[in-house]
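Undergrad: Just dropping this structure here.
A short reminder: the numbers here are calculations on the coordinates, not readings from a lab. It should be emphasised that the depicted structure is a prediction, and the values quoted were computed from it without experimental measurement. Ideal geometry is used to build each Cβ from the backbone, glycine not excepted, and the neighbour counts take in all protein chains shown.
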Amino acid sequence: MKEMESLFAVQEEDVVLRQLQHRKENLHEAGVVANTESRLAELSKSKDLLSAEHLETIQRQKRFEQEVEAVESRISELDGKLYGGMVTSPKEATSLETEIRHLRERQNELEEKILELMEEVEPQERGIEKVNNEIGETQKELEIAREALQVTSAELEETLKETHERREKAASETEAGLLKHYESLRGAFGSSVVVQFDGNNCKGCPSAMPAVEADRLKQIPEGSYSDCQECGRIVVR
Ligand SMILES: [Zn+2]
């Protein structure tokens, strides 16, 4: 009697273990962590993109500023020549003035471009700041999600451990051959390998038992078992 009870206990714990395992593989908290991680990865990607654009704008601005400097120094060089009393002919003076005028036009052009770039930089910086804020918030969310996952996982592991221990205890109280037989049928019958005989029928059988099989089971001693000839389960009288 005790032996069959312990086999039923093994089966009950196996059912619980399967449910716990399923829960472990489908933890809501794990899904939240995965979602948050992928959001963070997306944000980090857009931050990289924005930063690259921003850097490019800054570099273009710098190049134009350097060109402005070169143009300015050339202008002051030419101014020096023009007004320094070194010009000997009106033709030379005219050519210097023309060059200076062209250089000033170039300078204006460059300064306009620099202004345009400065106007681009501002929204870029705001965009980066916004993404940075979102990254910060998402990192906090991730931390909270990971903590929640950690707590739930630890609880679940504890429950799994206790269930395993109960299962092992029940298994140790079950006769080895019977336990092996039970194990060999688990793949086929899952949570109903071992079932009760209710006096007329095997509880595992999908339909009523033939009278001859029911009679056979009625003959076995109470508390013992037999393989049901109909469904193949271990049926306990
Ligand atoms: Zn049966």
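Undergrad: Looking at (1) closer than 30 Å to S191 by Cα; (2) touching a residue at least 60 places away in the same chain (Cβ under 8 Å), find the lone condition where E25 falls short.
TA: (2)
Undergrad: Tell me, yes or no, whether the stretch 169-177 has at least one residue that is within 16 Å of the ligand (Cβ to nearest atom), loosely packed, with under 12 Cβ neighbours inside 10 Å and either more than 34 Å from the chain's Cα centre (by Cα) or part of a strand (DSSP E or B) (or both).
TA: Looking through the stretch 169-177, none of the residues is within 16 Å of the ligand (Cβ to nearest atom), loosely packed, with under 12 Cβ neighbours inside 10 Å and either more than 34 Å from the chain's Cα centre (by Cα) or part of a strand (DSSP E or B) (or both).
Undergrad: Those residues that are closer than 21 Å to V71 by Cβ and among the small types (G, A, S), I need them from the stretch 86-102; list them, please.
TA: If the condition is that a residue be closer than 21 Å to V71 by Cβ and among the small types (G, A, S), then A93, S95 are the ones that fit.
Undergrad: Can you name the condition, by its number, that V195 falls short on among (1) within 16 Å of the ligand (Cβ to nearest atom); (2) part of a helix (DSSP H, G or I); (3) crowded, with 18+ Cβ neighbours inside 10 Å?
TA: Against the list (1) within 16 Å of the ligand (Cβ to nearest atom); (2) part of a helix (DSSP H, G or I); (3) crowded, with 18+ Cβ neighbours inside 10 Å, V195 comes up short only on (2).
Undergrad: Quickly run through the stretch 113-138 and pick out the residues that are in contact (Cβ under 8 Å) with a residue 24 or more places away in the chain and either at positive phi or of a type outside the set (D, E, K, R) (or both).
TA: Correct list: I114, L117, M118, V121, Q124, G127, I128, V131, N132, I135, T138.
Undergrad: Name, by its number, the condition in (1) more than 21 Å from V10 (Cα to Cα); (2) assigned to a helix (DSSP H, G or I); (3) within 14 Å of the ligand (Cβ to nearest atom) that does not hold for F189.
TA: Here F189 clears every test but (1).
Undergrad: Which of (1) surrounded by fewer than 18 Cβ atoms within 10 Å (Cβ to Cβ); (2) within 12 Å of the ligand (Cβ to nearest atom) does Q219 not meet, given it meets every other one?
TA: Failing condition for Q219: (2).
Undergrad: Restricting the search to the stretch 1-33, which residues are within 30 Å of I144 (Cα to Cα) and of a type in the set (A, V, I, L, M, F, W, C)?
TA: V16, L17, L20, L27, A30, V32, V33
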